Amino acid sequence: MYVCVCHAVTERDLARAREAGAESLRQVMEATGLGQSCETCLEYVAGLLEGETSSAQVA
Ligand code: FES
């Protein structure tokens, strides 16, 4: 599934960026190119990253 339609960034691309060490939204943006146009995707991706962080903190 695409997380950023403007730049054709998928959930898989996002996961690869995370595995390569991108932790913050800014780092994910730089690694994948998402969010560089309309910015509609940023809130969704921020929510995904926040969810991962919350899960990590609980575990
Ligand atoms: S959907 Fe990501 S920049 Fe437009």
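Pairs linking a residue in region 14-35 that is more than 14 Å from GLY47 (Cα to Cα) to a residue that is of a type in the set (Ser, Thr, Tyr), with Cβ atoms under 6 Å and 6 or more positions apart or on different chains, are ALA17/THR32. Residues of region 4-41 that are hydrophobic (A, V, I, L, M, F, W, C), assigned to a helix (DSSP H, G or I) and within 15 Å of GLU52 (Cα to Cα): LEU14, ALA15, ALA17, LEU25, VAL28. For region 45-56, a tally of residues being modelled with pLDDT under 95 and either surrounded by 11 or more Cβ atoms within 10 Å (Cβ to Cβ) or not in a helix (DSSP H, G or I) (or both) returns 5.
Filtered by the rule that a residue be within 12 Å of the ligand (Cβ to nearest atom) and not hydroxyl-bearing (Ser, Thr, Tyr), region 26-45 gives VAL28, MET29, GLY33, LEU34, GLY35, GLN36, CYS38, GLU39, CYS41, LEU42, GLU43, VAL45.
The values are calculated or read from the model by the stated rules, or taken from the named source; none is laboratory data. All figures in this text were calculated on a predicted structure; none of them were measured in a lab. Every residue, glycine among them, receives a Cβ derived from its backbone with ideal geometry; neighbour counts consider all protein chains shown.
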